[in-house]
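Here the structure is laid out as structure tokens; the discussion comes afterwards.
The values are calculated or read from the model by the stated rules, or taken from the named source; none is laboratory data. Note that the structure is a prediction, hence the values are computed from the model and not measured. Positions of Cβ are generated from backbone atoms using ideal geometry, with glycine treated the same way; all protein chains shown enter the neighbour counts.
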Amino acid sequence: MYIKVNKDLCSGCEACLQSCPYDAIVMKDGKAEITELCQLCRACLSVCPEGAISEVKEAADLKETDQGKGVWVFAEQRDGKIAGVSLELLGAGKGLAEKLGTELAAVLFGGTADDAQELIRWGAEKVFHCNEPLLSTFNDEPYASLLSKLIVEQKPEIVLTGATPIGRSFFPRVAARLRAGLTADCTSLEIDNETKNLLQIRPAFGGNIMATIFCPHARPQMATVRPRVMKKGEYDASRKGEVVAVSAKGITSRTRVVETVKEIAETAINLQDANVIVAGGRGMGGDKGFQLLRELAEVLGASVAASRAAVDEGWIPYRHQVGQTGKTVGPKLYIACGISGAVQHLVGMQSSDIIIAINKNPEAPIFSVATFGIVGDVHEIVPLLTKKIKDLKG
Amino acid sequence: MRIVVCIKQVPDSAEVRINPETNTLIRDGVPTIINPYDVHALEAGLQIREKTGGKVTVLTMGPPQAETALREALAMGADEAVLLTDRAFAGSDTWATAYTLSKAIEHIGADVILCGKQAIDGDTAQVGPEIAEFMDIPHISYIRKIVDVSTDRLLVQRLMDDGFDVIESSPPVLLTVVRELNVPRMPSLKGKMAAKKAEIKKMSAADIKADENDLGLKGSPTQVRNIFAPEAKTDRKILEGTAEEKIDTLVKELVGLKCI
């Protein structure tokens, strides 16, 4: 494919120049021209008032595709605990499988026979389970090799997993090996009614922009999906399904996991599973400010989080950081205190159900995503709120 | 030790916005930077060189302007810079990008390859592990500490959600790094001067003997269908009154919503 300007239609208005993220459009003799900098992003197509810019398909774009069959969810386990996002994906995967008229299967490496049954109760019709010791602890190479082997044998059309450290590390190897398309960190998945392609929607540029990605030819269509954006399916204790035992014969690894270390003190509060989060930013002013937040968190049974500014100041460890370079959270209630709301922070928390923003600057961008905004001094407001809730709870 | 550091020139993402009416990127004067994670990868490469000796090659794939990023890396202390640039690379997704970089790295030769965890424009974190797969070498992601590195052994800590894993491997290996790994050095004045004059090696699709069917848009399994602005919330309420009154209203609302 390439992008072409129809010089007869081009009026020389220059509207397309600004639309190009790569500076790949220049004016030549009063007409727009696409240069070799073009990355084929299509951003210019819709801006031309004359409709002079179009994409030109080449023969290679029109290959036939063997669709494959089945929607798969790779169910991640660590220390024998199935990740919440895997259950969310069984919920989302069921919807996709129904639309495609195909089956929903889960893949489980490590874990027990009961874990496999649990995946069935959460919606899987079939579970491919390998319980050999080599696979019990996450390790990129054996995970990638065995999943690739299974995919080649079974030919699923869609393979999903959570956008967790595990999924985001080994899925790319599988995609590279199979020449499959892989979209990272999706927040929404749909099926195109016409082509039956999987439409994978994800944020880019730190969440400033959403993009819809699709794989016109390659199969399977693979995606990692952000935790806590999909809804879990219906749990049915009586649901029955098939468990297929998978052998790890011939699978090897050139990396060895020597030890798995838990940092309990810092991670006792798992932000991604929290229902209520109290978060602080630069406006908290220091350790003392964060003490106020801890008191509020205590009366609410909440976890404490922070913006990058507060983490950079050393007021709270990195693990508490929410945002583009930290965690993405989606609690029922998110209380942002003294956080201005840089877009890098907003992308990590804007899917929270209810957001309360407390900030002394009425222009702070955090108010644009807040359900309730309070303009005021956090050092006054936070203790008042703590006291009020304490009184209420008696 | 032959060390290759992959870097990417990215727009300073905080400043890239979308025009909601035309659904196009607004990038008036958006400055470009070296992807922040890649700066930590480069620092790690320089530290490995200081320990084991050898050479640090910094590699990027991009348009000719990406030379700026390479010169910054040279100023920090890289020995050599390679710019992979060719019209044939246009439209590459992570698969095609990783394939192209892997061919270049095979051409350059490497024992340790370092990448940032992800780039801040695409945020995919896929290119590093994919390069390793194409080269048929192991990779370890999210390195937060390099405990030991030598020609026959590597011991590192991989950051996970609930702590970290200690992982052992040996070169050739690819590592992707997180910011906790190190504090990148500032370029010296001497380094800056030298970087200005340094030669940037250019490589094309032909130079790296890449298969043209695996390059650019043709080699990319994924395609962007469209881009759009994220939805904004509309049900906002700024609470009025004295501090006490605001808190009263807030708590009432929260009780009403069964949040408390």
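Couple of notes before you dig in:
- Against the list (1) without any contact (Cβ under 8 Å) to a residue 60 or more places away in the chain; (2) more than 8 Å from every other protein chain (Cβ to nearest Cβ); (3) closer than 19 Å to A:P203 by Cβ, the condition A:L346 fails is (1).
- Yes/no for B:I143 being within 10 Å of chain A (Cβ to nearest Cβ) and buried (at least 18 other Cβ atoms within 10 Å of the Cβ): no
- Residues in region B:83-103 that are outside any helix (DSSP H, G or I) and over 9 Å from B:L215 (Cα atoms): B:L83, B:L84, B:T85, B:D86, B:D93.
- Residues of region A:2-18 that are in a loop (DSSP other than H, G, I, E, B) and buried (at least 16 other Cβ atoms within 10 Å of the Cβ): A:C10 alone.
- Picking from residues in region A:204-245 that are on the phi > 0 side of the Ramachandran plot and under 13 Å from the mean Cα position of the chain (by Cα), the one that is farthest from the other protein chains (Cβ to nearest Cβ) is A:R228.
- A residue that is assigned to a loop (DSSP other than H, G, I, E, B), facing chain A (nearest Cβ under 7 Å), at pLDDT below 90 and surrounded by fewer than 16 Cβ atoms within 10 Å (Cβ to Cβ) occurs somewhere in region B:238-257.
- A:Q321, sole failed condition from (1) in contact with a strand residue (DSSP E or B) (Cβ under 7 Å, 6 or more places away or on another chain); (2) more than 8 Å from chain B (Cβ to nearest Cβ); (3) touching a residue at least 40 places away in the same chain (Cβ under 8 Å): (3)
- Filtered residues of region A:137-165 (kept if facing chain B (nearest Cβ under 8 Å) and in a helix (DSSP H, G or I)): A:D140, A:E141, A:A144, A:P165
- Count of residues meeting criterion [surrounded by fewer than 18 Cβ atoms within 10 Å (Cβ to Cβ) and within 13 Å of chain B (Cβ to nearest Cβ)] in region A:19-36: 3
- Subset of region A:214-261 that is in a strand (DSSP E or B) and in contact with a Leu (Cβ under 8 Å, 6 or more places away or on another chain) - its residue that is farthest from A:V71 (Cα to Cα): A:V258
- Enumeration of residues in region A:93-115 that are surrounded by fewer than 23 Cβ atoms within 10 Å (Cβ to Cβ) and either at positive phi or in contact (Cβ under 8 Å) with a residue 60 or more places away in the chain (or both): A:K94, A:L96, A:K99, A:L100, A:G101, A:G110, A:A113
- Region B:183-207, subset of a type in the set (D, E, K, R) and surrounded by 12 or more Cβ atoms within 10 Å (Cβ to Cβ), residue farthest from B:L74 (Cα to Cα): B:D207
- Qualifying position, being small (G, A, S) and either at pLDDT below 95 or in contact with a helix residue (DSSP H, G or I) (Cβ under 9 Å, 6 or more places away or on another chain) (or both), among A:A113, A:A180: A:A180
- Test result for A:F367, more than 10 Å from every other protein chain (Cβ to nearest Cβ) and of a type in the set (F, W, Y): no
- Helices (runs of 4 or more DSSP H) completely within region A:305-394 that count 3 or more residues being at pLDDT 95 or above and assigned by TED's automatic domain parsing to the domain that holds A:M284: A:378-393
- Screening region B:20-47 for residues that are among the polar types (S, T, N, Q) and at pLDDT below 65 and picking the one that is nearest to A:Q18 (Cα to Cα) gives B:T24.
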